[in-house]
Structure formats: C-alpha cells, structure tokens
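Below is one structure, written out as structure tokens, with a few remarks after it.
The values are calculated or read from the model by the stated rules, or taken from the named source; none is laboratory data. Only a predicted model underlies this, so the values are computations on that prediction, with no experimental measurement involved. Note that we place each Cβ from the backbone using ideal geometry, even for glycine, and neighbour counts take in every protein chain shown. What goes into the accessible areas is simple: the full protein's heavy atoms, side chains included, and nothing from ligands, DNA or RNA. Shrake-Rupley method; radii C 1.70, N 1.55, O 1.52, S 1.80 Å.
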Amino acid sequence: GLEVFNNYHSEKQINYFSRLIMKRGALMSCGSDFHGKNKPLISIGQYKSAGNYGKYLNQSISKILNQ
C-alpha cells in the first residue's frame, strides 16, 4: 500500500499516486498524524480530500480492518 493522501502532497501527486495504486490493485491510505510545531501544515485528524478516490480509499480501509 501507499499513503496517497496527506497534507504535504499536491493535487498532482495525489492523482499520480491514486492512479498508480488503483492500477496495481494495492491498498490506499491517508495520513492524518500530528507533528505539532515541527510540521505546522498538519492538523490533528485532517488530510486532503479523497475526492474521486474516496470509494477506493474506503475499500482499502475495509480490507485492512477485516483481516
């Protein structure tokens, strides 16, 4: 799998990683960890929108949880 969605990826990177993951049938994840003052662009529990890839992201999460 690959962390596709986080606060430091641009939309271009998100689209690239999402298409790559879907093409390979791999797991997609998102990062919402918090680093405080070290990385101020990251807020607790927040990540960039999954947009068109939300369904695939949810399927990936379900696969992980149901193992």
Candidate set: segment 15-34, residues that are at pLDDT below 70 and not polar (S, T, N, Q); chosen: the one least open to solvent (accessible area, probe 1.4 Å): 33
Condition check for residue 53: of a type in the set (Phe, Trp, Tyr), modelled with pLDDT of 80 or more and surrounded by 11 or more Cβ atoms within 10 Å (Cβ to Cβ): yes
